[in-house]
Amino acid sequence: MKETDLTTEPIAQNLIKLISNVCFSVFVFTVLIFTVIAVTYQPPDPWLESAPALTKLLTGTENATFKIDGSMLNTGEDLASSPISPPANSTGPVTEATIEISEEKIGNMTVVNSSSVDCDDLKVVNCSDPRVLVAVQRFNLRVFKSIVFLQYETPVNGSKPDECDVSWRFRNKKEKSWRRYRDFRRFKFAFGENCTYKVFHTSGWHSGVNARRIRIKPRAGGGGGGPKAARGDPEINDTIPTLGSQTNFRRGKYLYYSRGGDYCKGMNQYMWSFLCGLGEAMYLNRTFVMDLSLCLSSSYSSQGKDEEGKDFRYYFDFEHLKESASIVEEGEFVRDWKKWNRSHKRKVPVRKVKTHKVSPLQLSKDKSTIIWRQFDAPEPENYWYRVCEGQASKYVERPWHTLWKSKRLMNIVSEISGKMDWDFDAVHVVRGEKAKDKKLWPHLDADTWPDAILNKLRGLVQPWRNLYVATNEPFYNYFDKLRSQYKVHLLDDYSYLWGNNSEWYNETSLLNNGKPVEFDGYMRVAVDTEVFIRGKTRVETFNNLTMDCKDGINTC
């Protein structure tokens, strides 16, 4: 018995040791896995979710050409999760509290001595009286609740003794940029208790023509005849910056992308690729060399073909871009580069990169003055956005906050919204090619037929409201049935805003060397998008009008 005990005891001890070792190994392996996950995990992009998430939104697969969905076009100001902070030198909004402070400064004097004058007999309003402005400010806060009022100018006389014209800067509460817009209206006054000023009536958008300040602009080319009056937006400054001296050029560090396969693709792909290049430049702490000449995809062209030579400033806010990122225009950059090489024996150091597979991380320690990415490979290897795929997406963030829509287009948005006193609902109706494709969108055509739209709207929008219809439907009269229940507004109702007598027409012609610029398909969708966003009730095609999926059958 003793011999048996001696032989079995070591076996039991060895079994216990074996189990202990296995458990310890499992523990170590688990700790190792969690450590790897913790080291490699990247938090979501604080600006716009994660880069892979947006890639999935805009592309079918990471390396595929972008799907064409031009029904809604969002830029950085639309994608911000909260309103963007205004510049430090900007003034705060006009509120009831600021009005009360103004009243304290004015004092408690009445307009006239009411003991000697019957207030009902007063006919003339002194528009320069600060109490007139206080009355206007209070009226606007009460009536236009969707607007943030930022700055007022001193009222001026209207066309009648009891009228004043008043101008102010404002921003819609749904706009997330800090940009300011201008309105000027005519106010009719009466006299209240103790002969205080009271707004009796106000006219519509831009009715206060006497308060419209005329900006003096020199004639193009410096010709004779003196200055001419211009009614463009004085807050737009999209002049092209220069590098200055040759010394400044040589001290800089630049990232230069040659033209690639993205050229003449859809605007969503252009933005995705452009922001990849700009994001890489920011990651490398370099100035991005930017080509202001775009190619408009045939999908947005009235001619049905790609159109080269479009100016970036037609579509995007160049002033905001150059204030929020380090950029240089390609023409200026190339001229300075050639000038340096002609006047110096030692050429500018250049690193040429011929494949997107060279990652930004591999270039982070490069000392060359110019890193020149060249995209000569066949599609899709020559797309700019390929640079930001894979591991690069974890450390190169696309700076969406730098890319806003053109202020000139946004002025049109504000004018359309202002014509409806910012009190309107909106419906987005997608038709076009999607409505024709019954395989991918089997119900879309029927669900966006006027009778079907009207039935849907009856449960969502109150009768006789202002209703803005954002749509790619080309036939103007298509929505006439909606007019039996609503005050229908379409983009083409406001075509005078880009006609040959408009501010937009004059300003864009100046950018185009005096030649007229077409209000193209991209501009139409951009304006439709922004007006739709500002609607109080918003009815969408793929969430409200139809059960079809936005990207086709079985993609919801």
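The values are calculated or read from the model by the stated rules, or taken from the named source; none is laboratory data. Quantities reported herein were computed from a predicted structural model and do not represent experimental measurements. Methodologically, a virtual Cβ is constructed for each residue, glycine included, from the backbone with ideal geometry; neighbour enumeration extends over all protein chains shown. Surface areas here come from the heavy atoms of the whole protein model, side chains and all, with no ligands, DNA or RNA. Shrake-Rupley method; radii C 1.70, N 1.55, O 1.52, S 1.80 Å.
Describe numerically, in nm with one decimal, the distance between label points set 7 Å from Cα along Cα→Cβ at TYR476 and at THR537.
Using points 7 Å along Cα→Cβ, the separation is 2.8 nm.
Using a/c under 1.5 as the rounded threshold, could you call the stretch 288-397 rounded, prolate or oblate? The axes a ≥ b ≥ c are square roots of the C-alpha gyration tensor eigenvalues, and prolate needs a/b larger than b/c, oblate otherwise.
Values: a/c = 1.70, a/b = 1.24, b/c = 1.38.
Taking the square roots of the gyration eigenvalues as a ≥ b ≥ c, the stretch 288-397 is oblate.
Please work out how much accessible surface TRP337 shows to a 1.4 Å probe, ignoring ligands, DNA and RNA, in Å² rounded to 10.
The accessible area of TRP337 comes to roughly 40 Å².
Hey, if we sort SER245, SER297, SER159 by accessible area with the 1.4 Å probe, largest down, what's the order?
Details: SER245 55, SER297 10, SER159 80 Å².
From most accessible down to least: SER159, SER245, SER297.
Pick out, from ILE371, ASN341, SER301, the residue whose Cα sits farthest towards the positive end of the charge dipole of the stretch 282-399, with +1 on the Cβ of Lys and Arg and -1 on the Cβ of Asp and Glu.
ASN341
What accessible surface, in Å², does a 1.4 Å probe find on VAL209, ignoring ligands, DNA and RNA and rounding to the nearest 10?
Result for VAL209: roughly 90 Å² accessible.
Could I have the simple spin-label model distance between LEU510 and ARG342, label points 7 Å from Cα toward Cβ, reported in nm to one decimal?
My value for the distance between the label points is 3.1 nm.
Can you pull out the GluC sites (Glu not before Pro) in the stretch 346-411 whose DSSP state is coil and whose Cβ has at most 16 other Cβ atoms within 10 Å?
Values: sites: GLU381, GLU389, GLU397; in loops: GLU381, GLU389, GLU397.
The qualifying sites are GLU381.
For a quick protection proxy, order the peptides 390-396, 410-416 by their average other-Cβ count within 10 Å, most packed first.
Averaged packing, sorted descending, gives the order 410-416, 390-396.
Rank ARG465, ARG534 by accessible area, highest first, at a 1.4 Å probe radius? Please report the intermediate quantities before stating the final value.
On the way: ARG465 55, ARG534 15 Å².
Reading off the accessible areas and sorting them downward yields ARG465, ARG534.
If you average the C-alpha positions of the stretch 393-447 and of the stretch 275-307 separately, how far apart do those two centres end up, in angstrom?
20
When the accessible area of the stretch 456-556 is split by element with a 1.4 Å probe, what percent falls to carbon and sulfur? Intermediate values should be presented prior to the final figure.
Details: 2430 of 5100 Å².
Exposed carbon and sulfur together represent 48 percent of the surface.
How much length would be gained if the chain were fully extended between GLU323 and ARG335, taking 0.36 nm per residue of separation minus their Cα-Cα distance, in nm to one decimal? Intermediate results must be reported in sequence, preceding the final value.
On the way: separation 12, 0.36 × 12 = 4.32 nm, distance 2.26 nm.
Additional length available on full extension: 2.1 nm.
Rounded to the nearest 10 Å², what accessible area does TYR263 show when all protein chains are kept and the probe is 1.4 Å?
Surface open to solvent at TYR263 totals about 60 Å².
Please give the net charge around GLU163, taking every other residue with its beta carbon less than 12 angstrom from that of GLU163, where Lys and Arg add +1 and Asp and Glu add -1. Write down the numbers at each step before the final one.
Working: positive: LYS123, LYS160, ARG185, ARG186, LYS188; negative: ASP162, ASP165.
Around GLU163, the charge tally is +3.
Given a Förster radius of 25 Å and the C-beta distance between SER146 and CYS549 as r, what FRET efficiency does 1/(1 + (r/R0)^6) yield to the nearest 0.05? Intermediate results must be reported in sequence, preceding the final value.
Numbers: r = 32 Å, r/R0 = 1.29.
The computed FRET efficiency comes out at 0.20.
Can you tell me which of 476-488, 177-189 comes out highest on packing, and rank the rest after it, using the mean Cβ neighbours within 10 Å?
Details: 476-488: 14.9, 177-189: 20.8.
Highest mean packing first, the order is 177-189, 476-488.
Using a basic spin-label model with each label point 7 Å from the Cα along Cα→Cβ, how many nm lie between ASN74 and LYS105?
Each label point is offset 7 Å from its Cα along the Cβ direction, giving 4.1 nm.
Just add up the charged neighbours of GLY252: K/R +1, D/E -1, any other residue whose Cβ is under 11 Å from the Cβ of GLY252. Please list the in-between numbers first.
On the way: positive: ARG250, ARG251, LYS253, ARG286; negative: ASP336.
It works out to a net charge of +3.
Give the ranking of LEU361, LEU490, LEU511 by solvent-accessible surface, highest area first, calculated with a 1.4 Å probe.
Details: LEU361 95, LEU490 10, LEU511 35 Å².
Result, largest first: LEU361, LEU511, LEU490.
In whole angstrom, how far apart do the alpha carbon centroids of the stretch 361-375 and the stretch 536-556 sit?
Going from one Cα centre to the other spans 44 Å.
Please give the charge dipole size of the stretch 411-544, origin at the Cα centre, charges +1 on K and R Cβ atoms and -1 on D and E Cβ atoms. Round to the nearest 20 debye. Show your work: numbers first, answer last.
On the way: 17 positive and 20 negative charges, 101 e Å.
I would put it at about 480 debye.
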